[in-house]
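Have a look at the structure below before the remarks.
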Amino acid sequence: MARMCQDDVGRCDFIDVLEEAVLRRHPVAVELRAGEAFTDQVTDVVTEQGDDFAVFRSHARVPVGDILSVTREPS
């Protein structure tokens, strides 16, 4: 997977990319809008009180709107 930027593909398509990462169980490199970056496996994408969150194996869950981009890491 090439780098997928939420601003380029739109929120709905970006959520689809995150959900595909859940199904494929591949780690992704995550870049947050605040500048932080990490690599982890997405375990779920949930909606709570109208807000979407990406749930990760080793990191705290992150509001989808706070994620700038994801890139699948080589397996």
Of all accessible surface on the chain at a 1.4 Å probe, what whole percent is carbon and sulfur? 46 percent
12 Å beta-carbon shell around residue 68, net charge (K/R +1, D/E -1): -3
Report the FRET efficiency, 1/(1 + (r/R0)^6), for residue 8 and residue 58, where r is their Cβ-Cβ distance and R0 is 25 Å, rounded to 0.05. 0.40
Starting with the highest mean, order 46-52, 24-30 by the number of other Cβ atoms within 10 Å, averaged over the residues of each peptide. 24-30, 46-52
Those residues of region 1-16 whose amide nitrogen sits under 13 Å from the label point placed on residue 47, 7 Å along Cα→Cβ: 12-13, 15-16
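The values are calculated or read from the model by the stated rules, or taken from the named source; none is laboratory data. A quick note: this is a predicted structure, and the numbers were derived from the prediction, not measured. FYI the Cβ positions are ideal-geometry reconstructions off the backbone, even for glycines, and counts take in every protein chain you see. Accessible surface is based on the protein model in full, side chains and every heavy atom, while ligands, DNA and RNA are left aside. Shrake-Rupley method; radii C 1.70, N 1.55, O 1.52, S 1.80 Å.
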